[in-house]
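This report concerns only the one structure given below.
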Amino acid sequence: MSKDLHTGFDETIYPYINKGLDGVVAFSTTKSFIDGQAGELIYEGYNIDVLAENSSFEEVCFLLWNDRLPNQEELDDLTHKLQTRRGLPQVVIDYLHAVDKESNPMSVLRTATSMLSQTDIHLPDDSYYEKAINITAKLPTIIAAFSRIRSGQEMVMPKETGSTAFNFLYMLNGEEPGTQAEKTLDLCLILHAEHGMNASTFTCRTVAGTLSDLYSAVTGAIGALKGPLHGGANTAVMKMLMELEAQGKDADAVAFTKDKLAKKEKIMGFGHRVYKTFDPRARHLQKMAQSLSEETGHEELYRWSMDMLTTMKNEKNIDPNVDFFSATVYYSMGIQPDLYTCIFTMSRISGWAGHYMEQMANNRLVRPRALYVGQKNQDYPPIESR
Ligand code: CMC
């Protein structure tokens with residue numbers, strides 16, 4: 001008898017499951033709002049297009065952690081803290097040298113993030129804000145350091161000046177980026193910062209709901225983001241474009257897409273649980289992808305992307321999501337494809353930390369039910385007769 005006397009919930013007669021929690025509202029939030037029909041995204045009341053035009057990643061962090069925009073003094077203070085906390089503890093540097101160079105960078109980032117918790121053992125349990133700054137400051141350093149160490153280069157120590165975007169590109173390449181590259185990456189970080197109750201944010205809030213620490217919540221979230229149906233899609237998009245590249249500049253992206261659809265394969269970077277129209281973030285990334293692919297002499301990447309876009313619209317009426325054009329943007333910036341999801345992570349930490357704080361301010365343990373579809377009251381056979 002599985003009827004819950006307190007709630008009246010009966011696991012034996014519960015009528016249906018919303019597979020993938022489709023349409024289920026699990027939390028309330030001020031962090032972001034998505035209008036999937038209109039293709040609109042809002043962070044804390046501000047349209048993503050307005051933020052893309054006017055804001056910076058650092059300002060978006062403040063917005064998501066304080067539910068309001070900062071004044072100049074507050075922005076300077078947060079920026080300074082982010083700049084001066086970029087260094088990694090020796091134990092993490094040692095790990096980055098010791099780990100197998102073939103490891104997936106997201107797996108390395110996940111483990112290194114978990115290790116970072118040791119740097120904050122002196123902080124009270126509820127200093128979420130300070131911990132959020134520490135993790136946000138250090139993720140780009142981990143990613144850039146692993147990228148260099150795995151290819152036999154020296155790690156570049158962070159500068160205590162400049163934006164997150166500037167410093168990441170500096171640590172990655174060993175030389176200061178130009179203004180355009182910095183602005184492009186900063187815009188990518190703004191666009192990826194926050195996005196409703198996606199799988200990694202749900203993971204983060206579920207871990208927070210047990211009153212576990214921010215590092216555990218972020219480590220879990222990174223694990224969720226890594227999957228190709230979520231943040232891992234940007235690397236998977238590049239893999240598709242490289243398959244086309246291997247066929248030569250005249251490769252037929254329409255036939256390529258139709259062939260995959262005929263084989264019932266997913267076209268990465270397309271489709272979304274919430275958007276039933278063009279993802280507003282993809283519009284910004286599309287513009288960047290077009291100009292960057294022209295500038296770098298990789299026009300075919302954009303041409304193939306547009307052919308895939310038209311084919312997906314014609315064949316399935318499915319639009320691109322944030323991951324589709326971001327692949328071409330990062331590729332044009334000379335970033336290695338398996339780092340794309342890590343860049344997503346160094347932005348999305350801002351949204352995860354905002355949700356963690358929101359959950360802690362009004363917590364209840366996250367504990368749904370499962371519909372039991374197994375057998376009951378089976379005879380227990382002795383091991384020798386099984
Ligand atoms: N390529 C081909 N068919 C697709 C695609 C796609 N990318 N996306 C959805 N469909 C089809 C799917 O086959 C299904 O068709 P049918 O009803 O005939 O079986 C229908 O559309 C519904 O798809 P679904 O997979 O049940 O939808 P979902 O809401 O469960 O999944 C999704 C959403 C994002 C996982 C899915 O669209 C997908 O797998 N896309 C490719 C991976 C991807 O780009 N992920 C990044 C998501 S956005 C960034 C992020 O949040 O990280």
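The values are calculated or read from the model by the stated rules, or taken from the named source; none is laboratory data. No experiment lies behind these values; they were computed from the predicted model shown. All Cβ positions, glycine included, derive from the backbone under ideal geometry; neighbour counts span all protein chains shown. Areas reflect the complete protein model, heavy atoms only, side chains present, ligands, DNA and RNA absent. Shrake-Rupley method; radii C 1.70, N 1.55, O 1.52, S 1.80 Å.
Report, ordered by the first and then the second residue, all pairs with beta carbons closer than 6 Å, sequence separation of six or more or different chains, a first member in region 237-254 that is crowded, with 16+ Cβ neighbours inside 10 Å, and a second member that is of a type in the set (Gly, Ala, Ser) and not in a loop (DSSP other than H, G, I, E, B).
Val237/Ala327; Met238/Ala327; Leu244/Ala253
Inside region 90-111, can you point out the residues that are over 21 Å from the mean Cα position of the chain (by Cα) and open to solvent by 30 Å² or more (accessible area, probe 1.4 Å)?
Once the filter is applied, which keeps residues that are over 21 Å from the mean Cα position of the chain (by Cα) and open to solvent by 30 Å² or more (accessible area, probe 1.4 Å), region 90-111 yields Gln90, Val91, Asp94, Tyr95, His97, Ala98, Asp100, Lys101, Glu102.
Restricting the search to region 264-282, which residues are within 7 Å of the ligand (Cβ to nearest atom) and of a type in the set (Val, Ile, Thr)?
If the condition is that a residue be within 7 Å of the ligand (Cβ to nearest atom) and of a type in the set (Val, Ile, Thr), then Ile267 is the only one that fits.
Residues to consider are Lys287, Lys263; find the one that is more than 22 Å from Thr179 (Cα to Cα) and modelled with pLDDT of 95 or more. Steps first, please.
Values: Lys287 fails: more than 22 Å from Thr179 (Cα to Cα).
Every option except Lys263 fails the conditions.
Only one residue in Leu241, Leu285, Leu261, Leu292 is part of a helix (DSSP H, G or I) and away from the ligand (no atom under 16 Å from the Cβ), so which one is that?
On the way: Leu241 fails: away from the ligand (no atom under 16 Å from the Cβ); Leu285 fails: away from the ligand (no atom under 16 Å from the Cβ); Leu261 fails: away from the ligand (no atom under 16 Å from the Cβ).
After ruling out the rest, the residue left standing is Leu292.
From the list Lys263, Lys287, exactly one residue is of a type in the set (Lys, Arg) and over 27 Å from Ala38 (Cβ atoms). Which is it?
Among Lys263, Lys287, only Lys263 is of a type in the set (Lys, Arg) and over 27 Å from Ala38 (Cβ atoms).
Considering only region 22-79, state which residues are more than 16 Å from the ligand (Cβ to nearest atom), among the aromatic types (Phe, Trp, Tyr) and open to solvent by less than 20 Å² (accessible area, probe 1.4 Å).
Phe57, Phe62, Trp65
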